[in-house]
Structure formats: C-alpha cells, structure tokens
Amino acid sequence: MSLCKANCGFYGQERLGGFCSLCHIPEDTTPIDQLTEPVAGAVQEKPKPVIEKKNRCFQCTKKIGLLGFECSCLHKFCQACRHAENHHCTFDYAKQGRDLIEKLNPLVAGSKLVRMD
C-alpha cells in the first residue's frame, strides 16, 4: 500500500486511483456552481440568514438560559416578563376558557330526560 496522492497521511487505494476514501472525488459528480447557469445581466443576491436569538427573553432580550418560560403566545420570556400583562400577550385566554367549559359541559337537551310523574 502506498500513501494517498493528496498527501493527507492516509493510505491510498488502487480502486480509487491512488487516493484515500476522503480525498477521492467521483468523476460523475460536478460542482454545484456548474449545474446552474447564471442569467446574463441578472444580479444574483445571496439570501441573508435568519438569525434567531435563542435563549433570550422576547420582551427584554435578557439571556434566560435553559429555564425560560414559554407563554401560550409561543414566545419565551425571563422570570420578570413571564406574566401575560407584563409582555402584552396576544393570546386569547377568555376564548380558551370558554372552549374548555363548552367541551367539558355538553348541552343537556330536554328530550334526553325521562319525566317521572
């Protein structure tokens, strides 16, 4: 066995043309840049990555670590901002309560009751 042709320190293999498995590039692959042809006169803009501030309070952007409080409005808050009135929560707690009461207490219709004379 001989060393890899790319001088990476690994042993090369004959079936890979003298390269190791890490340095070997298959011949049937083409770089991604060659697959897409640029349009003449068009400026290609790279999309800006969206940076989320993880483990930070949504209201005051203070670091909250692993123990942040997640509100029903699906945002994380620190201990001071965790209450709905402190962060101006947009979640409708009254509607949630009405829906829960309606689900737990079904309507009793008169036709289901047996009259005792």
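Go through the stretch 1-17 and report how many residues are polar (S, T, N, Q) and surrounded by 12 or more Cβ atoms within 10 Å (Cβ to Cβ). Before the answer, list the steps.
Kept after step one, since they are polar (S, T, N, Q), are these residues of the stretch 1-17: 2, 7, 13.
Narrowing further to those that are surrounded by 12 or more Cβ atoms within 10 Å (Cβ to Cβ): 13.
Total satisfying the criteria: 1.
For the stretch 46-58, indicate whether the set of residues that are modelled with pLDDT of 75 or more, part of a strand (DSSP E or B) and among the hydrophobic types (A, V, I, L, M, F, W, C) is non-empty.
First, pick out the residues of the stretch 46-58 that are modelled with pLDDT of 75 or more: 55-58.
If we keep only those that are part of a strand (DSSP E or B) too, we end up with 56.
Among the residues that remain, those that are also among the hydrophobic types (A, V, I, L, M, F, W, C) are: none.
Among the residues of the stretch 46-58, not one is modelled with pLDDT of 75 or more, part of a strand (DSSP E or B) and among the hydrophobic types (A, V, I, L, M, F, W, C), which makes the answer no.
The values are calculated or read from the model by the stated rules, or taken from the named source; none is laboratory data. Everything quoted here is computed from the prediction, not taken from an experiment. Note: ideal-geometry Cβ built from the backbone for every residue, glycine included; neighbour counts use all protein chains shown.
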